[in-house]
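Below is one structure, written out as structure tokens; the observations come after it.
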Amino acid sequence: MLAYAAYAGDVSICLWRGRNPEKVLSKYRNTYFGDVVVMNDKGESLIVNRIDIEDYLAGVLSKEMDSSWPVEALKAQAVVSRTFTVYTSNMNRAKNLCYDIENSIFHQVYSPSNCDKIIAAVRETRGEVLTCGGEVSQAFFHATCGGCTASPSDVWGGNSYENIVCVKDEYCENTPYCRWKKTFTTGQLSKMFSELKATDIIDRITVEETDMSGRVKLLKISLKNGNIINLTGHKFRMEINESAPKVLFNRPDIIPSTNFKVLQTGGKFVFEGAGYGHGVGMCQWGARVMAERGYDYRQILKHYFPRMEVTRID
């Protein structure tokens, strides 16, 4: 079955792309387990790591969830990350790409791990993925949903995500990323959008539509010159965050999620919101609280993915 093809052993991770790979190759070979090779992709050099998928997943968990967290939360993360890896690998192999998945915040962040607790969480869920109708499904995760997870179609558009639905989630209430406030001056905010000229100044920001989880689906930016720019909430957040040196929750110049209200006062825009991340799929802080309250990883996964089943595919 195609959906299970990627779970055959090794997975190939794109670690780096650019020119003159010989300048950084030794650093990657000294850091990562498995084979580290240079490949060519349409004239661009890639450094690709080939490693057993379960060893890779231990490296993902070491970066995507703290090893001090309850083991049942780590096991839930292992299943979600394995599902994401298998699904993404199959898609990229169908496209004849020379790697299965990228080491990035847009796929999964990965670094080798020797942590016994993390390795055990991966080993105890070996081969387990989330499926729907007998096929490996798409699965996503984020830091904190802020009370309700998001529909992927509302975040990214399209209609190919019917297996993932919005879920009310009381478990992440009062966790570190649940509530936030960010303030931008008019001039500061006006410089953050690629569509605006240097002389363009934002006059108003109006939320035009929200989705069923309360997140901003569409907003309108009115400029002082009379022009209007319409953006999705996701695009608005990405425009702001991409202008920041790093996307860290406590930075004053980022928008943690699209679950916000915007107020305008004294030449400033004040954003008050909830959650951290795109909001789709498993809420990591909610999973932690569920594990602390005695839920096992299968119960955690069923809460966030009610239409899916945990299936062992080895």
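Search segment 207-233 for residues being free of Cβ contacts under 8 Å to residues at least 60 places away in the same chain and among the hydroxyl-bearing types (S, T, Y), and hand back the single one that is surrounded by the fewest Cβ atoms within 10 Å (Cβ to Cβ).
S222
Conditions (1) in contact with a Pro (Cβ under 9 Å, 6 or more places away or on another chain); (2) among the acidic types (D, E); (3) in contact (Cβ under 8 Å) with a residue 12 or more places away in the chain; (4) under 30 Å from K217 (Cα atoms), marked per residue:
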site: Y99; (1), (2), (3), (4): no, no, yes, no
site: C115; (1), (2), (3), (4): no, no, yes, no
site: T125; (1), (2), (3), (4): no, no, yes, no
site: G133; (1), (2), (3), (4): no, no, no, yes
site: S137; (1), (2), (3), (4): no, no, yes, yes
site: F140; (1), (2), (3), (4): yes, no, yes, yes
site: A150; (1), (2), (3), (4): no, no, yes, yes
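Would you call R204 assigned by TED's automatic domain parsing to the domain that holds S67, surrounded by fewer than 17 Cβ atoms within 10 Å (Cβ to Cβ), over 17 Å from the mean Cα position of the chain (by Cα) and not in a loop (DSSP other than H, G, I, E, B)? Step through it out loud before you land on a result.
Numbers: assigned by TED's automatic domain parsing to the domain that holds S67: no; surrounded by fewer than 17 Cβ atoms within 10 Å (Cβ to Cβ): yes; over 17 Å from the mean Cα position of the chain (by Cα): yes; not in a loop (DSSP other than H, G, I, E, B): yes.
Criteria not met by R204.
So R17 ticks every box in (1) charged (D, E, K, R); (2) free of Cβ contacts under 8 Å to residues at least 12 places away in the same chain; (3) assigned to a strand (DSSP E or B) but one. Which box is left unticked?
(2)
A8 versus (1) among the small types (G, A, S); (2) outside any helix (DSSP H, G or I); (3) surrounded by fewer than 16 Cβ atoms within 10 Å (Cβ to Cβ); (4) at pLDDT 95 or above: which is the lone unmet condition?
Against the list (1) among the small types (G, A, S); (2) outside any helix (DSSP H, G or I); (3) surrounded by fewer than 16 Cβ atoms within 10 Å (Cβ to Cβ); (4) at pLDDT 95 or above, A8 comes up short only on (4).
Could you tell me whether any residue of segment 294-307 is in contact with a Phe, Trp or Tyr (Cβ under 9 Å, 6 or more places away or on another chain), part of a helix (DSSP H, G or I) and surrounded by fewer than 24 Cβ atoms within 10 Å (Cβ to Cβ)?
yes
So which of P256, P245, P252 is assigned to a loop (DSSP other than H, G, I, E, B), surrounded by fewer than 18 Cβ atoms within 10 Å (Cβ to Cβ) and within 20 Å of the chain's Cα centre (by Cα)?
Numbers: P256 fails: surrounded by fewer than 18 Cβ atoms within 10 Å (Cβ to Cβ); P252 fails: within 20 Å of the chain's Cα centre (by Cα).
Answer to the check: P245.
Regarding segment 154-172, can at least one residue be identified that is among the aliphatic types (A, V, I, L, M) and under 20 Å from T265 (Cβ atoms)?
Start the filter on segment 154-172 by keeping residues that are among the aliphatic types (A, V, I, L, M), which leaves 155, 164-165, 167.
If we keep only those that are under 20 Å from T265 (Cβ atoms) too, we end up with none.
Scanning segment 154-172, I find no residue that is among the aliphatic types (A, V, I, L, M) and under 20 Å from T265 (Cβ atoms), so the answer is no.
Please work out which one of (1) in the same structural domain as V60 (by TED's automatic domain parsing); (2) of a type in the set (V, I, T); (3) within 22 Å of R251 (Cβ to Cβ) is the condition T183 fails and give its number.
Just one mismatch for T183, condition (1).
Can you tell me which condition I118 does not meet? The list is (1) within 16 Å of the chain's Cα centre (by Cα); (2) crowded, with 19+ Cβ neighbours inside 10 Å; (3) assigned by TED's automatic domain parsing to the domain that holds N49, and all the others hold.
For I118, the exception is condition (1).
Quick one: in segment 103-114, of everything that is closer than 16 Å to F33 by Cα and in contact with a strand residue (DSSP E or B) (Cβ under 9 Å, 6 or more places away or on another chain), which residue is surrounded by the most Cβ atoms within 10 Å (Cβ to Cβ)? Don't jump to the end; show me each part of the working.
First, the residues of segment 103-114 that are closer than 16 Å to F33 by Cα: 103, 109-114.
Filter once more, so that each one left must be in contact with a strand residue (DSSP E or B) (Cβ under 9 Å, 6 or more places away or on another chain): 103, 109-112.
Details: N103: 23, V109: 14, Y110: 27, S111: 13, P112: 15.
So, considering only residues that are closer than 16 Å to F33 by Cα and in contact with a strand residue (DSSP E or B) (Cβ under 9 Å, 6 or more places away or on another chain), the one surrounded by the most Cβ atoms within 10 Å (Cβ to Cβ) is Y110.
Run down N159, N96 and say which single residue is in the same structural domain as G9 (by TED's automatic domain parsing) and over 25 Å from I254 (Cβ atoms). Even if it seems obvious, please write down each step before you answer.
Details: N159 fails: in the same structural domain as G9 (by TED's automatic domain parsing).
After applying the criteria, what remains is N96.
Please find, within segment 184-201, the residue that is nearest to the chain's Cα centre (by Cα) out of those that are among the aliphatic types (A, V, I, L, M) and part of a loop (DSSP other than H, G, I, E, B). Show your work before the answer.
Taking segment 184-201 first, the residues among the aliphatic types (A, V, I, L, M) are 189, 192, 196, 198, 201.
Add one more test, that the residue is part of a loop (DSSP other than H, G, I, E, B), and what stays is 192, 196, 198, 201.
Working: M192: 22, L196: 27, A198: 32, I201: 31 Å.
The residue in question is M192.
All but one of (1) out of contact with any Cys (no Cβ under 9 Å at 6 or more places or on another chain); (2) of a type in the set (S, T, N, Q); (3) surrounded by 13 or more Cβ atoms within 10 Å (Cβ to Cβ); (4) at pLDDT below 95 hold for N163; state the number of the condition that does not hold.
Against the list (1) out of contact with any Cys (no Cβ under 9 Å at 6 or more places or on another chain); (2) of a type in the set (S, T, N, Q); (3) surrounded by 13 or more Cβ atoms within 10 Å (Cβ to Cβ); (4) at pLDDT below 95, N163 comes up short only on (1).
Report, by residue number, each residue of segment 277-311 that is within 18 Å of E128 (Cα to Cα), of a type in the set (V, I, T) and out of contact with any strand residue (DSSP E or B) (no Cβ under 7 Å at 6 or more places or on another chain).
Correct list: I300 only.
The values are calculated or read from the model by the stated rules, or taken from the named source; none is laboratory data. What you are looking at is a predicted structure, and each value in this text was computed from that prediction instead of being measured. With ideal geometry, Cβ positions are generated from the backbone for all residues, glycine too; neighbour counts draw on all protein chains shown.
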